[in-house]
Amino acid sequence: MAEQTAQGEQQTRRFSDRDRFVAFSFCWAEAILELDSERNITFAGGILPILTGKDTRALKGLPMLEIISEDDRALAEQMLDAIARTGRFDNIHLRFKGANGNSQPLVTSGYRNPELENRYFLAFHLAGGLTSDKSLKKTGKEGLYDADSFGKMASKMLADGVDGADKMTLLELDGLAEAEKDMDEAQRENLMGAVGSVLKMSSINGDAAAKLGDGKYGVVHGDGLDVDAMKARISSLITNIAPEAEGISVGAATIEADGEGLTEEALTKGVIHAMNEFSKSKGGVSLEALSGNMDDLVADAMETAETFNRVVKKSDFRMAMHPIIGIEDGVIHHYEALARFQGKHGESPYKYITFAEETGLIGAFDLSVVDKVMAWIDENKDDPMFASVAVNISGNSIIDKRYIDGLQERLKANPWTQGKLIFELTESSRVEDLETANEFIQNLRGLGYPVCLDDFGAGAASFQYLSAIDVDVVKIDGPVVKNAEAIERGRAFLTALASFCRELKVETIAEMVDTPETVSFCHDCGIDFVQGFLFGPPKFDLTEFSDFREKLKGSSAPGQNATGTLTSTHAAPTATAGSATPAPQTASDAAPQAAPEPAPTPEPATPS
C-alpha cells in the first residue's frame, strides 16, 4: 500500500513538474511539441490548433513533418537530424500547414535528451522583424528569398547586427544549368530543395538566404559558419541526389561587414553593388575578387553613385535612336531612345542604370532622359527621317512621387510633344501595385501619350500585367522571340501571343530581330513591328537608317516593297476610346512638318 502511495505521489509530482515546465515554456513560445524517437507527435500545446486547424488530440500520433508546410519540410527534417547529432538546435524559421494555407513563420528551437527515451522537445515562437515583412518575396523550389528581398534584408541585418549577422557569403554552383539537363524532374526538385535547406540552415535565424540567379545564391550569417563545410555539404548533396551530374563546382565569396561607421543606406549600396557584380560574374576569379571587406564594396558603390549623380546633374549623356519598323508597310513607326554616356566612346550606361534601379536613384535619371528627348525632338522634328520617340520609364519610377510630379510638370509645359512622344515601361516585373501603375499609365494615355509595355512574355506575370494594365503596344522580349523561332512549337506560341494582343487591340513589337529569316518568322506569327540589329545598332545620325527597306529584302515582309515616306511622323495623334482629346500644339510647332510625299501604302495606326 505504501509502495502504491509512493508511486502515486511520484506520478503526481511528475505530471505536476511537466505542467510546470510546459507553463514555463510558454513564457517564450506560443506552441510546443514533444516527439518520440520516430518523430511522431506525443504531446502538443499552445496555439497549434489555430496554426494547423487540428485539435491537440488529432495531432497526437501524427508524424511531425505532416503538419509542416510542404516548402519547409526538407528544412525541418534537416533541423531534426541536426538535433539528433548535437542535442539541440536554435533559430530555424518554419511554417505550419494549416486548413487555409501556411502559417506565418515561427522561430523554432529544439532539444533532444537520450535519458528521456530520445524524445524531441520543440518550441515555436511567432517570428517578428524582417521575417514577418510581407514585402519580402520567396521564389523557386529552394524556398529562398528573391534578389530584391535579399538586398533589403541583408543590408538591414548587417547594419543592425541582427543576431550576430556580420558576413554575407555569395555562392555559385558553376555548371549547374548544364548538369540539370541530365537530371529528371524529381532529381532537380530534390536537389534544389536540399540546397535551399542547407543554405537556410547556414543562415541567421535559418531564414536569411536567397536565390540571386540561376545557380547563384546568397547567405547572411555570423562568424561561426564554416563556409568550406557548407560548400562540402552542397557538393555531397549533388553527388547523392544526382550522381550522374558532372562538372558542378561550388564557389563562394565571403564579404565581412562589421557595420562600424556605415549607415544602413551605405550598406544597402554595398550589398546591392556586390550582388550586381556577382550576377555578372562567372567562375572563381570573379568570386575571389568579391571576397573581402564591405568597406571596399561600399566605397565602390559610393563611387558608382557619385558618377551616376554627376552624369544626371550635368546631363552628360546623349540619346541614340533605334528604329521600330512596320512589317506590313515598311515604315519606321517610332524610335526607342537609348542613353549613351559622354566621354566613354558612347558606352551603354547599363551598369549605372542597373545600380540606380536597385538603389532608388533611377527616377532622377528618367526625368533627365525626358528632358533630353524633348530637346532632341524639338531639334529634329523637321528631319525627313523623324518619327515619334519612345522614352523608357523604369518600373521603380512610376511609384516615385518626385518622378511623377516632375513628369507632369514637363508634359504640362510642353503639350506640343503629344503625338511625338511615347512612353515605354521597362523592368515591369518590379511593379507590384498594378492598380497604381495602371492609374499612372491611363493618365499618360489620357493626355495623348501612347504607352508600351516592355519585356512582354518573359514570365507568367506578363499576362497578369496585361490583364490589369491598359497599354497600346507590347514589346515581346528578345529571348522569347529567339526561343520561339528555335523550338518546334514556338511558332504556335508566338502566334497565340500575337492573337491574344490583337484581341485586346494592343499592337506587338518583336525584339532582337537580327536576320531577314526572323522578320519572316514574326510576319508569319502575326507580329506588327520589328526591332533589332538587322537594321544596325542604336545611332545618333538618323540617315544611317535610311536603307532599312533594303535590309528587309530576303524576308516575307510586305514592307520591303514599300515606296515613299520612310517614317510615320504622327503629326496628328489618334485618340483611342477612353483617351482625352490631345491638347493643341504650341504656336511654334503648329506649322506643318517638312516630310516627303506620303507613301501609297497605309501608315500604321498611331498607338494611343
All positions within region 118-153 that are within 16 Å of the chain's Cα centre (by Cα), modelled with pLDDT of 80 or more and open to solvent by less than 50 Å² (accessible area, probe 1.4 Å): LEU144, TYR145, ASP146, ALA147, SER149, PHE150, GLY151, MET153
Count of region 537-556 residues which are within 29 Å of MET319 (Cα to Cα), in a loop (DSSP other than H, G, I, E, B) and touching a residue at least 12 places away in the same chain (Cβ under 8 Å): 5
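To keep it simple, each residue is scored yes or no on (1) at pLDDT 75 or above; (2) open to solvent by 20 Å² or more (accessible area, probe 1.4 Å); (3) on the phi < 0 side of the Ramachandran plot; (4) over 25 Å from the mean Cα position of the chain (by Cα).
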| residue | (1), (2), (3), (4) |
| --- | --- |
| ALA245 | yes, no, yes, yes |
| LYS282 | no, yes, yes, no |
| ASP316 | yes, yes, yes, yes |
| MET319 | yes, no, yes, yes |
| TYR335 | yes, no, yes, yes |
| GLY360 | no, yes, no, no |
Members of region 307-325 found to be touching a residue at least 24 places away in the same chain (Cβ under 8 Å), farther than 18 Å from ALA387 by Cβ and of a type outside the set (Gly, Ala, Ser), listed by number: THR307, PHE308, ASN309, VAL311, VAL312, ASP316, PHE317, ARG318
Segments classed as helices (runs of 4 or more DSSP H), wholly inside region 304-417, with at least 3 members that are under 24 Å from GLU439 (Cα atoms) and among the β-branched types (Val, Ile, Thr): 362-380
Hits in region 85-121 (condition: touching a Phe, Trp or Tyr at 6+ places or on another chain (Cβ under 8 Å), among the hydrophobic types (A, V, I, L, M, F, W, C) and farther than 17 Å from LYS200 by Cβ): PHE121
Qualifying residue in region 473-486 (condition: of a type in the set (D, E, K, R), touching a helix residue (DSSP H, G or I) at 6+ places or on another chain (Cβ under 6 Å) and more than 29 Å from ARG410 (Cα to Cα)): yes
Region 239-252 residues that are touching a residue at least 12 places away in the same chain (Cβ under 8 Å), paired with ones that are surrounded by fewer than 20 Cβ atoms within 10 Å (Cβ to Cβ) and in a loop (DSSP other than H, G, I, E, B) (beta carbon under 7 Å, 6 or more apart): ALA242/MET183; GLU244/ASP182; ALA245/ASP182; ALA245/MET183; GLY247/GLY175; ILE248/GLY175; SER249/GLY175
Residue tally, condition surrounded by 23 or more Cβ atoms within 10 Å (Cβ to Cβ) and not hydrophobic (A, V, I, L, M, F, W, C), over region 395-417: 2
Identity of the residue in region 454-476, among the small types (Gly, Ala, Ser) and either in contact with a Lys or Arg (Cβ under 7 Å, 6 or more places away or on another chain) or surrounded by 20 or more Cβ atoms within 10 Å (Cβ to Cβ) (or both), that ends up modelled with the highest pLDDT: GLY457
Strands (runs of 3 or more DSSP E) wholly inside region 154-243 that include at least 2 residues being in contact with a His (Cβ under 7 Å, 6 or more places away or on another chain): 167-174
Residue within region 231-238 that is loosely packed, with under 14 Cβ neighbours inside 10 Å, modelled with pLDDT under 85, polar (S, T, N, Q) and closer than 20 Å to GLU189 by Cα present: no
Subset tally (residues that are at pLDDT 85 or above and either under 28 Å from the mean Cα position of the chain (by Cα) or among the polar types (S, T, N, Q) (or both)) for region 75-105: 7
Index of the failed condition, ASP184 passing every other in (1) open to solvent by 20 Å² or more (accessible area, probe 1.4 Å); (2) among the acidic types (Asp, Glu); (3) within 29 Å of LEU158 (Cβ to Cβ): (3)
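Tell me, which residue of region 251-278 that is acidic (Asp, Glu) and modelled with pLDDT of 70 or more is farthest from ALA209 (Cα to Cα)?
The residue in question is GLU277.
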Failed item, numbered, when GLU485 is tested on (1) under 29 Å from GLU379 (Cα atoms); (2) outside any strand (DSSP E or B); (3) open to solvent by 10 Å² or more (accessible area, probe 1.4 Å): (1)
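The values are calculated or read from the model by the stated rules, or taken from the named source; none is laboratory data. All values derive from a computational prediction rather than experimental measurement. Virtual Cβ from ideal backbone geometry, glycine too; neighbours counted across all protein chains shown. Heads up: the accessible areas ignore ligands, DNA and RNA and are worked out on the full protein's heavy atoms, side chains in. Shrake-Rupley method; radii C 1.70, N 1.55, O 1.52, S 1.80 Å.
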